[in-house]
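Data block below; observations after.
Rule-based calculations on the coordinates, nothing more; no lab input. Just so it is clear, the structure is predicted and the values come from calculations on it, not from any experiment. Every residue, glycine as well, gets a Cβ built from its backbone with ideal geometry; the counts of neighbours run over all protein chains shown.
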Amino acid sequence: MSAQSIAGGRNSQVFRLNLSDGQTVIAKHYFRHPGDPRDRMSVEVKALQLLHGHGIRAVPMILAVDEENSVAILEHISGTRVSLATLDDAEQAVQFLGSLKKIADSVQYDLADPASEAFFSPDGLMDNVRFRLTRLSNAPNESSVVGRMHAFLHEQLAPALDQAENHCRERLDFEEKLPRSRQTLSPSDFGFHNALRGADNRLWFLDFEYFGWDDPAKTLCDMDLHPHPLMDLEPKVRERLLKKSLQGLQPGKWLYDRSIALYPIFVVKWCCILLNEFIPADLERRRFSNACQPEKNVLQRQLQKAENLLNQSWEKYERFRRCLA
């Protein structure tokens, strides 16, 4: 048997195993840390088993699980990373999200937990973003780049969150919880950055560590805001992905209105996510997966990304609104 480390996510170590019988499989070693209580392996294993049980074949099969060592053996998908998403890719993504919604409408609620960071009322989402801001504010100010980050939080990001809250309160009941009938099942981190293209141009979707019940407005906002370069889509591809996903997740004006109301809050949340490396436990997770550069370079790069996102937020909001209209 031979093993080869391959590019995986930012949270796990992924290896291609060539077995002595000629079979090739994928071994995924999941991150564990006392400061991060999520059982990523259990979530992904149950998600993939649930989807295969309902006839979804665009995801890899689970072949074996080693719970003690946090390792799962998955089906090897022969394919390449998506280099540039096309209109057909957008259609496949829309169909996949629509299939998840159909499953959500047909299964018992206890077959899955809430997705990672799923909040079903605006005040729950706001509490989460405030927590993220507080956690970042408590990062030890031990370097000039951390000092810049603190200034960005207090002078720009916190005021932006206040404005986002006002925007949302004008459009939604802030305490009302999204009913079960309007929730969907979601990978939570969905996009072409977590997909492989097969030889037949069919997409395979990967990474279900955050899977569970979610707000479809979050799905729409996250697809538009995700900072991965592969989600920097051509205008026609973005419009088709968002508009058709809106229709597939829940046709009706309520989801459009909800997505528009929540979008500015998600902008601030994504700024905070981009700054995760300023939190020691999060930086350790990146090191575990071999996904980060030397620390100083990482912090400077992530801070610049967060600043750019906030500066572009109004332009992105208008683009998002037009795509869904």
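Here are a few things to note about the model shown:
- Taking the chain and dividing mean pair separation by its residue count, relative contact order in percent (alpha carbons under 8 Å, at least six apart): 23 percent
- Of interest is the spacing of the C-alpha centroids, which for the stretch 58-108 and the stretch 309-325 amounts to 28 Å.
- Charge dipole (debye, nearest 20) of the chain; +1 at Cβ of Lys and Arg, -1 at Cβ of Asp and Glu: 660 debye
- Pairs of alpha carbons in the chain whose separation is greater than 32 Å (percent): 28 percent
- Coil-residue trypsin sites (Lys or Arg not before Pro) of the stretch 188-225, DSSP, other Cβ within 10 Å capped at 16: R202
- Calculated FRET efficiency for the pair E142/M61, C-beta based, R₀ 45 Å, to 0.05: 0.45
- Ordering 70-77, 51-58 by mean Cβ neighbour count within 10 Å, with the highest value first, yields 70-77, 51-58.
- For the chain, the membrane-span-like helix rule (DSSP H, alpha carbon extent of at least 18 Å along the helix axis, mean Kyte-Doolittle at least 0.5) picks out 253-274; this says nothing about an actual membrane.
- Which of S78, L97, S121, positive extreme of dipole for the stretch 69-127 (C-beta unit charges): S78
- Given charges at beta-carbon only (K, R positive; D, E negative), |dipole| of the stretch 1-155 in Debye: 300 debye
- Spacing of the two label points (7 Å from each Cα toward its C-beta) at Q300 and E155, in nm: 1.9 nm
- Mean Cα-pair separation over length for the stretch 37-137, i.e. relative contact order, pairs under 8 Å, 6 or more apart, %: 17 percent
- Lysines whose Cα lies under 29 Å from that of K101, excluding same-chain neighbours fewer than 8 positions away: K28, K46, K177, K218, K236, K243, K244, K253, K269, K316
- Here the stretch 88-128 is scanned for amide nitrogen atoms under 16 Å from the site 7 Å beyond the Cα of D39 along Cα-to-Cβ, giving 110-116.
- In Å, descending, principal axis extents of the Cα set of the stretch 117-248: 51, 38, 29
- Taking other residues whose beta carbon is less than 11 angstrom from the beta carbon of L161, and scoring Lys, Arg as +1 and Asp, Glu as -1, yields +1.
- Residues of the stretch 52-81 falling in the label zone of R16, defined by backbone nitrogen less than 15 Å from a point 7 Å along Cα to beta-carbon, are 74-81.
- Taking 14 Å as the straight-line reach from the Cα of K305, the aspartates and glutamates in range (excluding those fewer than 8 positions away in the same chain) are D232, E277.
- Q95-A325 pseudo-label distance in nm [points 7 Å out on the Cα-to-Cβ vector]: 3.1 nm
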